[in-house]
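Student: My questions all concern the structure below.
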Amino acid sequence: MNSSLKIFHVILPVLLIISCRPPPQKASAPNVVAFVNGQTIFEDQLKHRLALEKAKYDDKTFSDQDLFEPLKKELLDQMIQNKVIADWGKKRNILLTNDELFLGIKSIKKGYTDKAFETFLSEKGVPFSEWRLMTEEKLLVKKIIDQEVNSKAEVSPKELSAYYKAHLNDFKTGESVRARHIVTDTEAKAKNILSLIEKGENFTKVAILHSLSPDRANGGDLGYFTRGTHPEIFDETCFKLGIGDLSPIVKSPYGYHIFKITDKKPAHTKTLEEASPDIYSILVKNKMTSAFDSWLDSVLKESQIQVIDENVRKIKNL
C-alpha cells in the first residue's frame, strides 16, 4: 500500500520503557520496539518477523546493513499498521470467527503436515503460539480491509467506457500464430524427422518422442504468439506459412527446428465488452488503493504510536 505510516519515533529512557509494560520476569526480558494504542511490540517479535521474511530475499539483504535497516523499518511499520487496523476493527466488533481462523491457517499451512510446519517454524526460531497470533492478526486485518474498504469500491459503465477510449491502443493486438515445433541438435536428425512427418507420421507424437525442447511434453506446442515474442527466425518462418503447413528445417540458437502451423489470428482490437474485465480489474484496484490510503490516514490519526528507535537500532542483521 502506498500510505506511509505517520509514526512518532522517540528515544525513551529505560525507566519509562519498563514502566509502560508488565514487570519483567527475567533480567533478559525482551526490549520494547514500539507501543501501539497501549499494546507492545517486543524486539523478539520483530526478529521473528524478520526470520520468516528472510527466505524471500538474497543473503546480501541481511548481511549488508544498508539494505537490512530499510527492510527492518518496513517490517516494523507493517507490524504497527496491522496492530492499528486490528485494534480499530475490534473496537467496532469486527472479529474473526473460529471458522475463518481455522480455514485461514489451513490455507497457509497447505502442503505441510503439522509436524513439518512445526519443524519449519522451529528452524526459523519462531514459536508456533506466536506465529498463530501473528497469523490471526493478519487474517483479521484482511477481513477489516475487505469489509470496510474493498467491498465499497465500485466501477461504473461510464468509467469503463472512458478508460477504454483513453487507452484504446492498449487493446490492440497484432497478428498471432499458433505453432508446434520439433527441435534437434543436428541437421541430419532433423532431416530424418522431417522425412517421417512427410510420410504421414503424426507431428505431435514425433515431437513427444524426438524433440529436445521442454515443450515436447505438450507435443511441441508453442501456443499463440505475436511477432517479437520468439527469435526472429520463428517469425520469419511461421508468419508466412498457412494453417496446416509444414516448414523446412530452420536453424536457431536452440538447434534445428521443424514447425507446423495449427492456427492463425489476424490483428485485432478488443471491443469494449472484451476489454471490460481487464479494465474493471485496473480501475477497481486503483480505487481500492486510493480508498485504503485515505481510510488508513483517518485510522492513524486516532492512534497513539511510539517507536523506540534506540531499541530498533540494536537489532542487527540476522
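The values are calculated or read from the model by the stated rules, or taken from the named source; none is laboratory data. What you are looking at is a predicted structure, and each value in this text was computed from that prediction instead of being measured. Neighbour counts are summed over all protein chains in view; Cβ atoms, including those assigned to glycine, are modelled from backbone coordinates with ideal geometry.
Student: Tell me, which residue of the range 97-130 that is touching a residue at least 60 places away in the same chain (Cβ under 8 Å) and assigned to a helix (DSSP H, G or I) is nearest to residue 298 (Cα to Cα)?
Tutor: 130
Student: Among (1) within 30 Å of residue 154 (Cα to Cα); (2) free of Cβ contacts under 8 Å to residues at least 40 places away in the same chain; (3) surrounded by 14 or more Cβ atoms within 10 Å (Cβ to Cβ); (4) among the acidic types (Asp, Glu), where does residue 215 come up short?
Tutor: The one condition residue 215 does not meet is (1).
Student: Looking at 242, 228, 223 in this structure, which one is assigned to a loop (DSSP other than H, G, I, E, B) and under 30 Å from residue 167 (Cβ atoms)? Give the steps one after another, and end with the answer.
Tutor: Numbers: 242 fails: under 30 Å from residue 167 (Cβ atoms); 223 fails: assigned to a loop (DSSP other than H, G, I, E, B).
None of the other options fit; the residue is 228.
Student: Let me ask something else. Would you mind finding the one in 74, 43 that is in contact with a strand residue (DSSP E or B) (Cβ under 8 Å, 6 or more places away or on another chain) and acidic (Asp, Glu)?
Tutor: Details: 74 fails: in contact with a strand residue (DSSP E or B) (Cβ under 8 Å, 6 or more places away or on another chain).
Exactly one residue qualifies, and that residue is 43.
Student: Can you find, within the range 160-212, the residue that is surrounded by the most Cβ atoms within 10 Å (Cβ to Cβ) among those that are of a type in the set (A, V, I, L, M), touching a residue at least 60 places away in the same chain (Cβ under 8 Å) and over 30 Å from residue 270 (Cα atoms)?
Tutor: We begin by selecting, within the range 160-212, every residue of a type in the set (A, V, I, L, M); these are 160, 162, 166, 168, 177, 179, 182-183, 188, 190, 193-194, 196-197, 206-209, 212.
Imposing the further condition that a residue be touching a residue at least 60 places away in the same chain (Cβ under 8 Å) reduces the set to 160, 168, 177, 179, 182-183, 190, 193-194, 197.
From what's left, over 30 Å from residue 270 (Cα atoms): 182-183, 190, 193-194, 197.
Details: 182: 30, 183: 22, 190: 22, 193: 23, 194: 19, 197: 17.
Going through the qualifying residues, I end up with 182.
Student: Taking the condition assigned by TED's automatic domain parsing to the domain that holds residue 34, surrounded by 17 or more Cβ atoms within 10 Å (Cβ to Cβ) and out of contact with any Pro (no Cβ under 6 Å at 6 or more places or on another chain), does residue 260 pass? Spell out how you get there, then give the answer.
Tutor: Values: assigned by TED's automatic domain parsing to the domain that holds residue 34: no; surrounded by 17 or more Cβ atoms within 10 Å (Cβ to Cβ): yes; out of contact with any Pro (no Cβ under 6 Å at 6 or more places or on another chain): yes.
No: the conditions fail for residue 260.
Student: Output the residue which, of all residues in the range 76-86 that are surrounded by 19 or more Cβ atoms within 10 Å (Cβ to Cβ) and touching a residue at least 60 places away in the same chain (Cβ under 8 Å), is farthest from the chain's Cα centre (by Cα).
Tutor: 84
Student: Checking residue 304 against (1) more than 15 Å from residue 81 (Cα to Cα); (2) exposed (fewer than 14 other Cβ atoms within 10 Å of the Cβ); (3) of a type in the set (S, T, N, Q), which test does it fail?
Tutor: Here residue 304 clears every test but (1).
Student: Consider residue 94 against the criteria (1) in contact (Cβ under 8 Å) with a residue 24 or more places away in the chain; (2) part of a helix (DSSP H, G or I): it satisfies all of them except one. Which criterion is unmet?
Tutor: The single condition residue 94 does not satisfy is (2).
Student: Here's another thing I want to ask about it. Of all residues being within 21 Å of the chain's Cα centre (by Cα) and hydrophobic (A, V, I, L, M, F, W, C) in the range 38-61, which is surrounded by the most Cβ atoms within 10 Å (Cβ to Cβ)? Just the residue, please.
Tutor: 50
Student: List the pairs whose first member sits in the range 287-309 and is closer than 22 Å to residue 33 by Cβ and part of a helix (DSSP H, G or I), whose second member is among the charged types (D, E, K, R) and modelled with pLDDT under 95, and whose Cβ atoms are under 6 Å apart, counting only residues at least 6 apart or on separate chains?
Tutor: Pairs that qualify, where the first residue is closer than 22 Å to residue 33 by Cβ and part of a helix (DSSP H, G or I) and the partner is among the charged types (D, E, K, R) and modelled with pLDDT under 95, are 300/6.
Student: Could you list, in sequence order, the residues of the range 272-304 that are over 30 Å from residue 163 (Cβ atoms) and out of contact with any helix residue (DSSP H, G or I) (no Cβ under 6 Å at 6 or more places or on another chain)? Walk me through it before giving the result.
Tutor: At the first step, the residues of the range 272-304 found to be over 30 Å from residue 163 (Cβ atoms) are 300-304.
Those that are over 30 Å from residue 163 (Cβ atoms) and out of contact with any helix residue (DSSP H, G or I) (no Cβ under 6 Å at 6 or more places or on another chain): 300, 301, 302, 304.
Student: Residue 186 - would you say it is modelled with pLDDT of 95 or more and more than 23 Å from the chain's Cα centre (by Cα)?
Tutor: Values: modelled with pLDDT of 95 or more: yes; more than 23 Å from the chain's Cα centre (by Cα): yes.
Yes, satisfied.
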